[in-house]
Amino acid sequence: MNNYTPEALSRAVKALCADLDTRIECGLISDERYLWWELSCCILSSQVPYPLAVAAADIIDKEQLLHNSYENCDELITLLYAVLKRPLEVEGKKRSYRFPKAKAEQLAATHTAVAQTGKSLNSLVSCDVYYVRAWLVANAHGIGPKQASMFLRNCGATYDLAILDRHVLDYMSALGIYSGSQSSISGLNKYGQYENKLRDHAEQMNCQVGLLDWAIWIVMRVAKRNYQEELA
């Protein structure tokens, strides 16, 4: 992306932030079924194309597997695995989900962890977002800080948490506010440190950090695509 200076990237992001701010609708989505679909999609999308994760989440939702109580975790694992190992319809083609057993175990363990709190997922998500994110990272198997932040964003709980994906980290590197070589940050403490750096940048832009990273994601994808086309 040699043709895109940090200043140019920053200007594009700031302009897009202002546009996104007019589109968002704030407010927690309280529908329990939707919350489980969103959480399952976040778990299922790790190392998997998003349309395939959506197809898997859709079939789990259709079977209502995460809306019931179970005597033990193994029962739910068996049911989830049976669904995830089937060929899934994705954009008109049959596709196989990549990690059916591992994700069945993660989803079942997460469902059990929520049940053991004695709360619904809606009640849990209604708590302080920093507490909820930390709880998800500690108890929701297959969920890291990025996925937990994405879940809370997608269900309307907050725009005060950042999704530090590889596009956002590349932008932060270009502006000199991220010096790491990793394309993802797994530890919550380190994640929070870089999130605070991005939040400081968001304040300079007069933008919520949860909108800033969304704008960054769009701008960086376009910039990278244009750069690849120029090389071709």
Rounded to the nearest 20 Debye, what is the dipole magnitude of the chain about its Cα centre when Lys and Arg each give +1 and Asp and Glu each give -1 at the C-beta?
600
In order through segment 35-42: 3J(HN,Hα) via Karplus (6.51 cos²θ - 1.76 cosθ + 1.60), integer Hz, x for Gly, Pro:
4, 5, 4, 5, 5, 5, 5, 5
Excluding ligands, DNA and RNA, the carbon-plus-sulfur percentage of the accessible area of the chain with a 1.4 Å probe reads 47
Which part of segment 146-178 falls in the paramagnetic zone of residue 34, meaning amide N under 16 Å from the point 7 Å along Cα-to-beta-carbon?
151-159
With an 8 Å cut-off on Cα pairs and a minimum separation of 6 or more residues, tell me the relative contact order of the chain in percent.
25
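Can you pick out the pairs among 14/197; 146/197; 14/224; 94/224; 103/146; 119/146 whose Cα atoms lie more than 21 Å from each other?
The pairs that break the limit, which is 21 Å between Cα atoms, are 94/224; 119/146.
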Using modelled amide H (1.01 Å from N, peptide plane; none on Pro or chain starts), what sits under 5 Å from the amide H of residue 90, excluding residues fewer than 5 places away?
95
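Hull surface divided by four, with the convex hull built on the Cα atoms of segment 1-130: how many nm²? Walk me through the intermediate numbers first.
Numbers: hull surface 45.4 nm².
For segment 1-130, averaging the hull's shadow over all directions gives 11.3 nm².
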Based on DSSP loop calls and a cut-off of at most 13 other Cβ atoms within 10 Å, the longest stretch of the chain free of exposed trypsin sites (Lys or Arg not before Pro) is what?
120-232
Where a Cα-Cα gap under 14 Å defines reach, which aspartates and glutamates qualify for residue 101, not counting those fewer than 8 residues away within the same chain?
74, 75
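For residue 49, what is the net charge nearby, where nearby means another residue's Cβ is under 12 Å from its Cβ and Lys, Arg count +1, Asp, Glu -1? Could you put the intermediate results ahead of the total?
Details: positive: 93, 95, 98; negative: 91.
Combined, the nearby Lys, Arg, Asp and Glu give +2.
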For the chain, the longest site-free run once GluC sites (Glu not before Pro) in DSSP loop states with at most 11 other Cβ atoms within 10 Å are removed:
92-232
Want the number for residue 14 to residue 64: 0.36 nm per residue separation, take away the alpha-carbon distance, what's left?
13.8 nm
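The values are calculated or read from the model by the stated rules, or taken from the named source; none is laboratory data. Values in this document were obtained by computation on a predicted structure and should not be read as measured data. Note: ideal-geometry Cβ built from the backbone for every residue, glycine included; neighbour counts use all protein chains shown. Areas reflect the complete protein model, heavy atoms only, side chains present, ligands, DNA and RNA absent. Shrake-Rupley method; radii C 1.70, N 1.55, O 1.52, S 1.80 Å.
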